[in-house]
Amino acid sequence: MTRSLRTPGHQALMQVLVETRKSKGVTQQKLADRLKRPQSYVAKIETGERRLDVVEFVEWFRALEADPNAAVSAISAVLPD
């Protein structure tokens with residue numbers, strides 16, 4: 001298994017994270033407040049400097065009142081079989 005940083009799948013993950021946040025009209029700071037984290041945490045994840053684990057991923061989508069399953073489907077669609 002190769003590293004996933006900066007791969008099409010990782011790029012899709014970052015895109016889904018940013019697009020979901022923006023579509024909900026939430027700033028990085030507001031999301032960080034909801035997650036009880038600094039704004040830099042959100043920024044680093046959205047730029048790929050920091051990675052999310054699955055628990056953080058679900059927390060991110062819950063904080064945005066968004067469906068994490070839909071995000072997984074969108075990301076999965078760009079991954080090779």
Across the stretch 57-81, which residue is surrounded by the most Cβ atoms within 10 Å (Cβ to Cβ) among those that are touching a helix residue (DSSP H, G or I) at 6+ places or on another chain (Cβ under 8 Å) and acidic (D, E)?
E59
Those residues of the stretch 26-81 which are basic (K, R) and modelled with pLDDT of 95 or more amount to K30, R34, K36, R37, K44, R62
Can you work out which of the residues in the stretch 22-50 that are basic (K, R) and touching a helix residue (DSSP H, G or I) at 6+ places or on another chain (Cβ under 6 Å) is most open to solvent (accessible area, probe 1.4 Å)?
R34
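The values are calculated or read from the model by the stated rules, or taken from the named source; none is laboratory data. Only a predicted model underlies this, so the values are computations on that prediction, with no experimental measurement involved. Ideal geometry is used to build each Cβ from the backbone, glycine not excepted, and the neighbour counts take in all protein chains shown. Heavy atoms of the whole protein, side chains included, go into the accessibility calculation; ligands, DNA and RNA do not. Shrake-Rupley method; radii C 1.70, N 1.55, O 1.52, S 1.80 Å.
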